[in-house]
Amino acid sequence: MSTTSDRPAVPEWLTQPHDANALVEAVWPEGAVRDDAGAIVFGGVSAAELAERFGTPLYVVDEDLVRARAREVLTAFRDAAARHGGTARVYYAGKALLTTDVVRWVTAEGLGVDVASGGELAVALAAGADPARLGLHGNNKLPSEISRAVRVGVGSIVIDSLVEIERIAAEAESQGRVQTVLIRVNSGVHAETHDFLATAHEDQKFGFALTDAEAAVARIRELPWLRFAGLHCHIGSQIFGTAGFAESAARVVELHARLREGGDVPLLNLGGGFGIAYTSKDDPTPIAKLADGIVAAVGRECESRGIPMPELAFEPGRTIVGRAGVTLYRVGTVKPVRVSDDLERLYVSVDGGMSDNARTALYGADYSARIASRRSDSAPALTRVVGRHCEAGDIVVSDEYLPGDVEPGDLVAVAATGAYCFSLASNYNYLTRPPVVAVSAGTARLIVRGEDENDLLARDLGVAPASRTSEESA
Ligand SMILES: Cc1ncc(COP(=O)(O)O)c(C=O)c1O
């Protein structure tokens, strides 16, 4: 895991901008602009208005952008598959950002939803998602989760270990239902990404080694309450090129071809992991090109083996919601810190931190920030946006240039926080988790309320509800 001490004082990719108000196009939500007062406008609603109405910190997600991106991704994979005479389906990876509204948006656009726990399943079901269009993941699904998934008729369960084969089969038998399953395999391909995020190394917890998969499938085929649909492989996250996917597809198709000798293998799920731009250094491959490259690789492999292309499935999360989300914070303190004789950095403390965005502390992730409440003519200053937790590693944006006059009371927006921020949020230091607001064509709507002190105390059985009420009313 990367820590701030591994990093250079100023990363090479960070260049001082001519204008520290400018919104780098690929990073900020499409359509984000500054209004006449200089405030950034998201989905037609100004940051100043959003902060005024809903407070800060605040997760803001642009519904229209999520929907448009869901359509774009679905079209990209369907069109790419069609060019090879095949079909494709797309499951939104709910772990990126899951609320009932988000489920409704993506399912209305034609996507299924991949859930990774009973809790995520509950949210998808509460949103009214068709269970047949859900997929359940997890390397240690609880018996209660398996039972519920089978009972509600989840479309597919992705099996992660031998013991799970028996568990799911027993549960299906006890309910008298045949359950469709896939098995997750490690292709052994190491994604070109931050090492910690890659999930297809051999020495990791997910899935079956390619060499063990045939025996697992043979066992599934012996069990009348399981229907084997195909292989699943997810090679990692925040991946930019097609090379890793293509190599992985080649290995997985080889196994897929062997499995066809023993019976039907209608589906191949190649997971998600498509990268987005967090800063000016990121240059993600356009989704249509990515889809084309991946599907072409599968097509080539199938053709060379003389087999038809199976139906393809993909599970993107970040690329659907990442860029559609921003987080708004209020600046509390600004402190110049002399880093070396010739380097000073402004530490800008905001009213959130690693509890609403764990990715910087967890993965050394990079982000971009701007003053969102006004424009400034001040010269850009090297800045670090930090939270208010009791951790030196509580950093939201490690390296950024903000106008040098950034001051307490300013709103700061952090870009591309739509994925893996709300979903990774915690109550560390008993901070309340922020609300989520959906913006769409000039309107703003609360879709998840923020927590308050009652939420923080609600599970603490040492607090009598009566005393809590009387203290509040005192
Ligand atoms: C099995 C699986 N599918 C899909 C995803 C979604 O990845 P991303 O959000 O990078 O597209 C993940 C992320 O970890 C995953 O583990």
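The values are calculated or read from the model by the stated rules, or taken from the named source; none is laboratory data. Since this is a predicted model, take the numbers as computed values, not measurements. All Cβ positions, glycine included, derive from the backbone under ideal geometry; neighbour counts span all protein chains shown. The protein model used for the area step is the full one, side chains on, heavy atoms only, and it has no ligands, DNA or RNA in it. Shrake-Rupley method; radii C 1.70, N 1.55, O 1.52, S 1.80 Å.
A few remarks follow.
- Solvent exposure of the chain as accessible area per residue, Å², 1.4 Å probe: 41
- Filtered trypsin sites (Lys or Arg not before Pro), the stretch 116-196: DSSP coil and at most 15 other beta carbons within 10 Å: 177
- With the whole protein complex present, residue 19 retains an accessible surface near 70 Å², based on a 1.4 Å probe.
- Here the accessible area of the chain is 50 percent carbon and sulfur, with a 1.4 angstrom probe and all protein chains present.
- Between residue 305 and residue 449, the simple label model (points 7 Å from Cα in the Cβ direction) yields a spacing of 5.3 nm.
- Between residue 342 and residue 212, the simple spin-label model (points 7 angstrom out along Cα→Cβ) gives 5.4 nm.
- The gain in end-to-end length when the residue 227 to residue 362 segment is fully stretched comes to 44.8 nm, 0.36 nm per residue minus the alpha carbon separation.
- 341, 394, ranked by accessible area, largest first (probe 1.4 Å): 341, 394
- Compared with the rule-of-thumb size 2.2 N^0.38 Å for a compact globular protein, the stretch 107-190 has a Cα radius of gyration ratio of 1.08.
- Principal-axis analysis of the Cα atoms of the chain puts helix 143-152 at an angle of about 70° to the longest axis.
- Unit Cα scatterers, Debye sum, the stretch 83-321: log10 I(q)/I(0) for q = 0.13, 0.15 Å⁻¹: -0.76, -1.03
- Paramagnetic reach from residue 460 in the stretch 411-453 [backbone N under 12 Å; point 7 Å along Cα→Cβ]: 429-431, 453
- As a length-normalised measure over Cα pairs under 8 Å and 6 or more apart, the relative contact order of the chain settles at 21 percent.
- Overall shape of the stretch 358-474 was characterised from the C-alpha gyration tensor. The equivalent ellipsoid obtained from it has semi-axes of 32, 18, 16 Å, in decreasing order.
- Calculated [222 nm] ellipticity per residue, helices only, for the chain: -9000 deg cm²/dmol; basis is -39500 (n - 2.57) per DSSP H run with n ≥ 4, divided by all residues, nearest 500.
- When the GluC sites (Glu not before Pro) in the stretch 223-268 are filtered for DSSP coil states and for at most 10 other beta-carbon atoms within 10 Å of their beta-carbon, the remaining sites are 261.
- At 1.002 mPa s and 20 °C, Stokes diffusion of the chain via Kirkwood alpha-carbon radius, µm² per second: 91
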